[in-house]
Amino acid sequence: MSKKGEEKAAHTALYRKYRPRSLDEFVGQSHVVEVLRRSLKRGKIAHAYLLTGPKGTGKTSIARIMAHEINQLPYSGEETHLDIIEIDAASNNGVEDVRDLRDKVQLAPISAAKKVYIIDEVHMLSKPAFNALLKTLEEPPAHIVFILATTDLHKVPATIISRTQHFAIRTYSPAEIAAHLQKIADAEGIKISAEALTAIAERGEGSFRNSISLLDQMSSFADDKEGVTLDLVEATLGLAPHDAVDTLLSSVESKDVADIIATLNDLEKQGIQPTILADQLVRTLRDRLADQPQLVGLLDTLLTVGTSSQPQLKLLTTLVGSVRPSAAPRTAAVRATKPQPTVLEAPVIVIEKSQPKITTPAKKPVETPAPKPAGRPVLTEPFDWDKLVERTKKDFVALYSVLSKCDYEFDGSKLTIYAARKFNKTKLDQAKYLTQLHEALASCGQTGLTIVTLPASKPPTDEKLAKIADMMGGGKEVSLEEM
């Protein structure tokens, strides 16, 4: 084998190579490390510890370091020791496994001062197994120390937690991760830009292990001359280009609906997942929130994209919906965006005896026009009322039950819905139903429309019938064939 081949074969993953070997080497987690260091220095060793926190934050590393320092043994991360036993609770979670462990803990350590059991992912134990472990934790032999680790504290019984010293491991901030990655990159001779480091740190989700693994991956793909660039990180991790994210937010600020739709379409063609794009938008908005607090509403809605059954459509309606003008007070916003046709009752004044009867004529319903959203309505498909109703039947059953009883008029930019009665109009004017209606319209290829709801039936098209209907108090137009 050539020297170059030997170097490749000998390559060690960076997250293993830079795993801490002592509590002094641990980066961050000082609230945990300092307490453990002091207690070990004073010889105050508990019979059971519980380490909790997200994956990749160092729980297992701390457990292994503690096990060796309790016994004053050197730790290199490679060797094993007969008195330090690691158990994976995910695959040894039965009551018989714990009963076997309970029998073995009675045996004295072979050469160390303490026999240490590290039980990883302890929340995976079954209920009978937890009960068996509890008995051992209540009356442990003096030579035994348990170190339990888990990512799901809420699945660990309170009786177990109460018999341990509990230490919560936190996630790392992107700044902490980026600084640590820079040190590793310098030590390994990896050329990487500050922007690429930040992108990797953000995608590491607070985990050193995940972030170091990403750095290792990027370095293997990087060009020797350019090194690891932001473009390489974005392309490899399936991120939207940073300039596309800026373009989207600029379009939102300028209320350019057409540009929002065009940008989203381009990113979809590039294979950018809507959940990843939404996450990038959330991170960018979070950084800008102090200077642009008006974006908090958009930030809040973007958080729901990942839980939607149709994230691509949800992202579209979220961004397009955010350009609609809204007033600060909620009641004012409702009045501005939901027109309330008003019927003025006709007062009747009757003068006794010979005085003439004066009757003030009734005024016709006054429709308050809906404010038009910024930008032009976008219709990628011809408007089809029946298709819209069927789409709500599929996705929004409650909205469908109301909408199927309504009639409509469409003039190319405004959709007027005749709700037939006040109850239906009240339902349609609720924020929940209005949002669902816009989503359904968007899925049918219509966005940016003005929606007006009226608590009346659609007026007849025939003038004579209209007059008769007006005299009779309104009604729904039917043909003679239907009678």
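Checked against the criteria, PRO128 does not count as outside any helix (DSSP H, G or I) and surrounded by fewer than 20 Cβ atoms within 10 Å (Cβ to Cβ).
Can you name every residue in the range 171-198 that is in a helix (DSSP H, G or I) and either hydroxyl-bearing (Ser, Thr, Tyr) or touching a strand residue (DSSP E or B) at 6+ places or on another chain (Cβ under 7 Å) (or both)? Walk me through it before giving the result.
Here is the first cut: in the range 171-198, the ones in a helix (DSSP H, G or I) are 174-188, 194-198.
Of everything in the range 171-198, those that are in a helix (DSSP H, G or I) and either hydroxyl-bearing (Ser, Thr, Tyr) or touching a strand residue (DSSP E or B) at 6+ places or on another chain (Cβ under 7 Å) (or both) turn out to be ALA185, ALA196, THR198.
Of the residues making up the range 199-215, none is modelled with pLDDT of 90 or more, touching a strand residue (DSSP E or B) at 6+ places or on another chain (Cβ under 9 Å) and in a loop (DSSP other than H, G, I, E, B).
Determine, yes or no, whether ALA67 is modelled with pLDDT of 90 or more and not β-branched (Val, Ile, Thr).
Working: modelled with pLDDT of 90 or more: yes; not β-branched (Val, Ile, Thr): yes.
Considered against the rule, which asks whether it is modelled with pLDDT of 90 or more and not β-branched (Val, Ile, Thr), ALA67 comes out as yes.
Of the residues ILE87, ILE45, ILE62, which is among the β-branched types (Val, Ile, Thr) and over 24 Å from LYS17 (Cα atoms)?
On the way: ILE87 fails: over 24 Å from LYS17 (Cα atoms); ILE62 fails: over 24 Å from LYS17 (Cα atoms).
After applying the criteria, what remains is ILE45.
Let's see how each residue does on (1) in a helix (DSSP H, G or I); (2) at positive phi; (3) surrounded by 20 or more Cβ atoms within 10 Å (Cβ to Cβ):
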{"site": "GLN217", "(1), (2), (3)": "yes, no, no"}
{"site": "LYS225", "(1), (2), (3)": "no, no, no"}
{"site": "ALA235", "(1), (2), (3)": "yes, no, no"}
{"site": "ASP243", "(1), (2), (3)": "yes, no, no"}
{"site": "ALA258", "(1), (2), (3)": "yes, no, no"}
{"site": "ILE261", "(1), (2), (3)": "yes, no, yes"}
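Taking the range 272-342 as the region of interest, the helices (runs of 4 or more DSSP H) fully inside it that hold 2 or more residues being among the basic types (Lys, Arg) and at pLDDT below 90 are 274-288, 330-337.
The residue pairs whose first member lies in the range 87-101 and is in the same structural domain as SER126 (by TED's automatic domain parsing), whose second member is part of a loop (DSSP other than H, G, I, E, B) and hydroxyl-bearing (Ser, Thr, Tyr), and whose beta carbons are closer than 8 Å, counting only pairs six or more residues apart or on different chains, are ASN93/SER126; GLY94/SER126; VAL95/SER126.
PHE146 meets each of the listed conditions (1) exposed (fewer than 15 other Cβ atoms within 10 Å of the Cβ); (2) at pLDDT 85 or above; (3) outside any loop (DSSP other than H, G, I, E, B) apart from (1). Considering the range 64-84, and only residues there that are within 20 Å of ALA13 (Cβ to Cβ) and out of contact with any His (no Cβ under 9 Å at 6 or more places or on another chain), the residue that is surrounded by the most Cβ atoms within 10 Å (Cβ to Cβ) turns out to be ILE65. Quick check on this structure: which one of ALA258, ALA222, ALA290 is farther than 26 Å from GLY53 by Cα, outside the structural domain of ALA179 (by TED's automatic domain parsing) and in contact with a strand residue (DSSP E or B) (Cβ under 9 Å, 6 or more places away or on another chain)? Going through ALA258, ALA222, ALA290 in turn, the sole match is ALA258. Evaluating ALA442 against the criteria (1) among the hydrophobic types (A, V, I, L, M, F, W, C); (2) over 31 Å from the mean Cα position of the chain (by Cα); (3) under 20 Å from SER322 (Cα atoms) leaves one unmet condition, (2).
For ALA194, the test of being surrounded by fewer than 20 Cβ atoms within 10 Å (Cβ to Cβ) and free of Cβ contacts under 8 Å to residues at least 40 places away in the same chain is passed.
Cβ separations smaller than 7 Å between residues 6+ apart or across chains give the following pairs from the range 368-393 residues that are on the phi > 0 side of the Ramachandran plot and crowded, with 18+ Cβ neighbours inside 10 Å to residues that are at pLDDT 70 or above and assigned to a helix (DSSP H, G or I): GLY375/VAL257; GLY375/ALA258.
The values are calculated or read from the model by the stated rules, or taken from the named source; none is laboratory data. Small disclaimer: the values here were computed from a predicted structure and weren't measured. With ideal geometry, Cβ positions are generated from the backbone for all residues, glycine too; neighbour counts draw on all protein chains shown.
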